[in-house]
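Visitor: My questions all concern the structure below.
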Amino acid sequence: LNKVSTLFYQQITRKVSDPSTAISFLICEDLTWNFADFFDWFCYIEELYWDDQNDLQNKITLAAFHPDWNYEDDETALKFEKKSPYPTITFVWTAVVEAATEATTVKIAKQNEETLLNQRVDDMNALYNSEVYLGDDETPSS
C-alpha cells in the first residue's frame, strides 16, 4: 500500500512539473488487490490529492482500470471498457482533454462504445483471457 501510494505521489508530482506529457500510466503489476480493494484505495487517494488545498483536479484527470472491473448490470461487451491486464491508473493532463473539444471527446467515447457493443461478450471474454489477462492461472471474472 505504501509503495503504490508513493508511486502515485511521484507520478502526480512528475505530471504537474512536466505538462508536456499528455498521458502517463501507473501500472501496478505487483499489486494483487482484488477489484474492491483497489477501487477503495483509488477513491481514497483521489480524494486525498483532490482537495480544496490544491488545484490538481483542474490539472490532471485520473482514470482507474483493473482486470476484474465490471459494470454490475452490464451483460454487453461494454463491460470491457475499464479492464486492463494489471491494476492501472492513467494520469491525463486536463488541458489536453479540454483542447480536444467536447465534440471530439464525445465522438471518441461514442466510437469506443459502438465498437464494443458490436462485439459478442463471449468473443470478448475469449480475447481478453487469451491475449490480455496476465494474472495467475485462474480465469478472471467476466
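Visitor: In degrees from 0 to 90, rounded to the nearest 10, what is the angle of the helix 101-117 Cα long axis to the longest principal axis of the chain?
Guide: Approximately 20 degrees, to the nearest 10.
Visitor: To continue, here is another question. When the solvent-accessible surface of protein heavy atoms is calculated with a 1.4 angstrom probe, in what order do Cys43, Cys28 fall, highest first?
Guide: Descending accessible area places them as Cys43, Cys28.
Visitor: Over the chain, what is the relative contact order in whole percent, taking alpha-carbon pairs under 8 Å and six or more residues apart?
Guide: 27 percent
Visitor: For the chain, what is the accessible area per residue in Å² when the probe is 1.4 Å?
Guide: Here the per-residue accessible area is 65 Å².
Visitor: Of all the accessible heavy-atom surface of the chain, with the other protein chains kept in place and a 1.4 Å probe, what percent is carbon and sulfur?
Guide: 51 percent
Visitor: Using R₀ = 35 Å, calculate the FRET efficiency as 1/(1 + (r/R₀)^6) where r is the Cβ-Cβ separation of Ala103 and Asp18; round to 0.05.
Guide: That gives a FRET efficiency of 0.80.
Visitor: Which of the following values of Rg/Rh (Cα atoms, Kirkwood Rh) was calculated from the structure shown: [x] 0.98; [y] 1.23; [z] 1.02?
Guide: Entry [x].
Visitor: Under a plain spin-label model, where a point goes 7 Å from the Cα along Cα-to-Cβ, how far apart in nm are Phe25 and Glu75?
Guide: Taking the simple label geometry, Phe25 and Glu75 are separated by 3.2 nm.
The values are calculated or read from the model by the stated rules, or taken from the named source; none is laboratory data. Every value quoted in this text rests on a predicted model; they were computed, and no experiment measured them. Quick reminder, even Gly has a Cβ in these numbers, built from the backbone with ideal geometry, and neighbours come from all protein chains shown. When the accessible area is computed, the model is the full protein with side chains, heavy atoms only, and any ligands, DNA or RNA have been set aside. Shrake-Rupley method; radii C 1.70, N 1.55, O 1.52, S 1.80 Å.
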